[in-house]
Amino acid sequence: MMEKNRLLGDRLVVGMAYGLIGLFALICLYPLILTLSVSFSSEQAIARNGYSVLPMSPSLDTYKYIFVNSGMKILKSYGLTIFVTVVGTAGALLITSMIAFSLSIKKLKYRNVLAFISNFTIIFSAGLIPWYMVSVNYYGLKNSILALILPSIFSVWNMFLLRTYFTSISPSLYEAAEIDGANYFTIYIKIALPLSKTPLLTVGLMYALQYWNDWWHALIFINDRDLFPLQYYLYNILSNVNAISSGRIPSGASGSITLPAETVKMAITVITIGPVIFLFPYIQKYFVQGIMTGAVKE
């Protein structure tokens, strides 16, 4: 009897846990559903009735407005953003993992000094203006595709995350490789990296999201419209729509055109987050495992 009660209690607990998790998932999913619904609604229906989970007066006018007027430019900016994300993430992973591996070697000379200097940059910085002057005058990043890659190519926080994992690898593996005549670069390539796929995927996802969502560096450095990444190009479309809709454009400039301001915001959100939503489920488990790396000590 006691065994039956215990099994029933376990099932109730499990059922309640699944119910709470499902409810939390629905709460998290609700804004996405709302965004998708509004993007397919007509601007007039949104103005009259507000937002709704189901599309009101379903229409593709918003997407037609975006792609008919800027379709080829959006596709071009998509290609540029994909290139920047892939190249930037690969370069950032290479640089970050090499520095993290170096700082995980206890025999490295001035190891603690280098770690302190890296950590110091998280707390203090020279400021925006000196950083901009150095980037433009000395590095030549004005109107260059490198301006979209180099400023985000190294993150100290990501480096310390990788260093924690490299430190957890048994030193005996490194010592055995040294006895066999391997240098540290060989150890890094053939031992450290193959054993660190989970944290590398985690850090890679962080860098990829950072590059994919970046519009700030384009705003600062890029004037050439051919070098506008996706986020910044859509940001410009939204700014123009808001300017016309709010009446900031001089009288007569916008004529009698009624622009879909609210639905454009949601459509732009759907366009930008689409690839991330499809990619994230495949690497979510690696992301969680990598974040937990070093969080629990046995």
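The values are calculated or read from the model by the stated rules, or taken from the named source; none is laboratory data. Source: prediction; values computed, not measured. Every residue, glycine among them, receives a Cβ derived from its backbone with ideal geometry; neighbour counts consider all protein chains shown. Note: areas computed on protein heavy atoms with side chains; ligands, DNA, RNA excluded. Shrake-Rupley method; radii C 1.70, N 1.55, O 1.52, S 1.80 Å.
Checking the structure you have, find out if any residue of segment 237-249 is at pLDDT below 85, open to solvent by 70 Å² or more (accessible area, probe 1.4 Å), in contact with a Leu (Cβ under 9 Å, 6 or more places away or on another chain) and closer than 30 Å to S172 by Cα.
no
I need the full set of residues from segment 151-161 which are in a helix (DSSP H, G or I) and open to solvent by less than 80 Å² (accessible area, probe 1.4 Å), in order please.
P151, S152, V156, N158, M159, F160, L161
If you take the residues in segment 103-139 that are outside any helix (DSSP H, G or I) and of a type in the set (D, E, K, R), which one is nearest to the chain's Cα centre (by Cα)?
K106
State yes or no: is L94 modelled with pLDDT of 90 or more and surrounded by fewer than 14 Cβ atoms within 10 Å (Cβ to Cβ)?
It is true that L94 is modelled with pLDDT of 90 or more and surrounded by fewer than 14 Cβ atoms within 10 Å (Cβ to Cβ).
Just one of (1) surrounded by fewer than 20 Cβ atoms within 10 Å (Cβ to Cβ); (2) at pLDDT 85 or above; (3) closer than 24 Å to Y165 by Cβ trips up G204, so point out which.
Of the numbered conditions (1) surrounded by fewer than 20 Cβ atoms within 10 Å (Cβ to Cβ); (2) at pLDDT 85 or above; (3) closer than 24 Å to Y165 by Cβ, the odd one out for G204 is (1).
N137 versus (1) open to solvent by less than 60 Å² (accessible area, probe 1.4 Å); (2) of a type in the set (S, T, N, Q); (3) farther than 26 Å from L161 by Cβ: which is the lone unmet condition?
Going through the list (1) open to solvent by less than 60 Å² (accessible area, probe 1.4 Å); (2) of a type in the set (S, T, N, Q); (3) farther than 26 Å from L161 by Cβ, N137 breaks only (1).
Which number in (1) open to solvent by 20 Å² or more (accessible area, probe 1.4 Å); (2) under 23 Å from the mean Cα position of the chain (by Cα) marks the one condition that T81 misses?
Among (1) open to solvent by 20 Å² or more (accessible area, probe 1.4 Å); (2) under 23 Å from the mean Cα position of the chain (by Cα), T81 violates only (1).
Within segment 32-45, does at least one residue satisfy the condition of being more than 25 Å from N213 (Cα to Cα), among the polar types (S, T, N, Q) and open to solvent by less than 50 Å² (accessible area, probe 1.4 Å)?
Yes; the residues of segment 32-45 include at least one that is more than 25 Å from N213 (Cα to Cα), among the polar types (S, T, N, Q) and open to solvent by less than 50 Å² (accessible area, probe 1.4 Å).
Please verify whether V68 is in a helix (DSSP H, G or I), exposed (fewer than 10 other Cβ atoms within 10 Å of the Cβ) and β-branched (V, I, T), treating the condition exactly as stated.
yes
Of all residues in segment 168-191, count the ones that are farther than 18 Å from L103 by Cα and surrounded by fewer than 11 Cβ atoms within 10 Å (Cβ to Cβ). Step through it out loud before you land on a result.
Within segment 168-191, the subset farther than 18 Å from L103 by Cα is 176-177, 179-182.
Still in the list and also surrounded by fewer than 11 Cβ atoms within 10 Å (Cβ to Cβ): 179-181.
Residues in segment 168-191 being farther than 18 Å from L103 by Cα and surrounded by fewer than 11 Cβ atoms within 10 Å (Cβ to Cβ): 3 in total.
Take the conditions part of a helix (DSSP H, G or I), over 23 Å from the mean Cα position of the chain (by Cα) and either touching a residue at least 12 places away in the same chain (Cβ under 8 Å) or under 17 Å from T272 (Cβ atoms) (or both) and apply them to A45. Does it pass?
yes
Is there any pair with a first residue in segment 165-177 that is over 15 Å from Y188 (Cβ atoms) and a second that is assigned to a loop (DSSP other than H, G, I, E, B) whose Cβ atoms are under 8 Å apart and which are 6 or more apart or on different chains, and what are they?
S168/T293; S168/G294
Can you run down the residue pairs with Cβ atoms below 9 Å, 6 or more apart or on separate chains, where the first is in segment 111-122 and within 17 Å of S155 (Cβ to Cβ) and the partner is open to solvent by less than 90 Å² (accessible area, probe 1.4 Å) and not in a helix (DSSP H, G or I)?
L114/L108
Applying the selection to segment 180-191, what residues are at negative phi and assigned to a loop (DSSP other than H, G, I, E, B)?
Correct list: D180, A182, N183.
Among the numbered criteria (1) touching a residue at least 60 places away in the same chain (Cβ under 8 Å); (2) open to solvent by 70 Å² or more (accessible area, probe 1.4 Å), which one does S144 miss?
S144 satisfies all of (1) touching a residue at least 60 places away in the same chain (Cβ under 8 Å); (2) open to solvent by 70 Å² or more (accessible area, probe 1.4 Å) except (2).
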